[in-house]
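Q: First, the structure itself, so that you have it in front of you.
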């Protein structure tokens with residue numbers, strides 16, 4: 001029997017290697033792997049196999065929690081407190097009676113207060129209700145006003161030209177409908193003279209009084225003094241065309 005070189009190699013310090021007649025079979029990479037026992041795990045989604053014209057595909061399905069209210073046959077309680085379509089209180093009725101009333105009125109039975117005892121349900125057109133709710137949410141998002149705060153930094157001993165330039169930027173921001181955070185930066189010995197920054201902020205607020213007002217009064221914040229200006233609310237009046245009377 002031929003002995004591989006790795007088995008017959010000897011080390012002088014260790015001695016001759018022992019030769020065993022046992023042969024360890026080599027695993028064929030193309031052979032199927034042994035199946036391992038599956039460990040149950042609630043966080044792993046459920047796998048389902050779908051066949052499409054002879055070909056199969058695995059689809060993972062996860063449990064989802066519905067946020068929509070229960071309607072009609074999905075309400076599984078023996079009795080409910082029923083509210084009519086016009087908002088009138090009908091009282092406590094059985095679920096069968098409520099479904100019969102909804103079917104006669106061609107409406108849906110919608111659970112509006114599931115945590116109440118008994119749950120409160122209302123007769124309504126659920127499709128119309130969902131459409132109107134979506135319209136109101138869309139209108140509310142459209143009417144949202146995005147507040148933008150600009151910042152303008154000044155020094156207590158600013159010269160006249162720089163002050164006019166900074167004031168021009170503040171005027172432009174207020175005309176655009178943005179708030180302005182005015183910061184006075186003190187350095188060195190200027191920190192012992194906070195009244196210089198206070199008078200400068202008062203001067204600026206007086207110069208732009210026609211466009212904005214002081215929303216946050218000047219206050220010291222470390223080495224800085226901060227004041228916030230907000231624009232006046234523009235009230236648009238609709239002009240009614242004059243009608244000529246003959």
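Just so you know, all these numbers are worked out from the coordinates, no wet-lab data involved. Quick caveat, the model's predicted, so the values are computed rather than measured. Note: ideal-geometry Cβ built from the backbone for every residue, glycine included; neighbour counts use all protein chains shown.
Q: When ranked by the protection proxy of mean other Cβ atoms within 10 Å per residue, highest first, what sequence do the peptides 123-131, 166-174 form?
A: Top to bottom by mean Cβ count within 10 Å: 166-174, 123-131.
Q: If you average the sequence gap of Cα pairs under 8 Å that are 6 or more apart and divide by the length of the range 149-231, what percent do you get for the contact order?
A: That works out to 35 percent.
Q: Would you please state the base-10 log of I(q)/I(0) at q = 0.12, 0.13, 0.19 1/Å for the range 72-141, with intensities from the Debye formula using one equal scatterer on every alpha carbon?
A: Calculated log10 I(q)/I(0) at the listed q: -0.33, -0.38, -0.72.
Q: Once you have a ≥ b ≥ c as the square roots of the Cα gyration tensor eigenvalues for the range 149-231, tell me rounded if a/c is under 1.5, and otherwise prolate or oblate according to whether a/b is larger than b/c.
A: prolate
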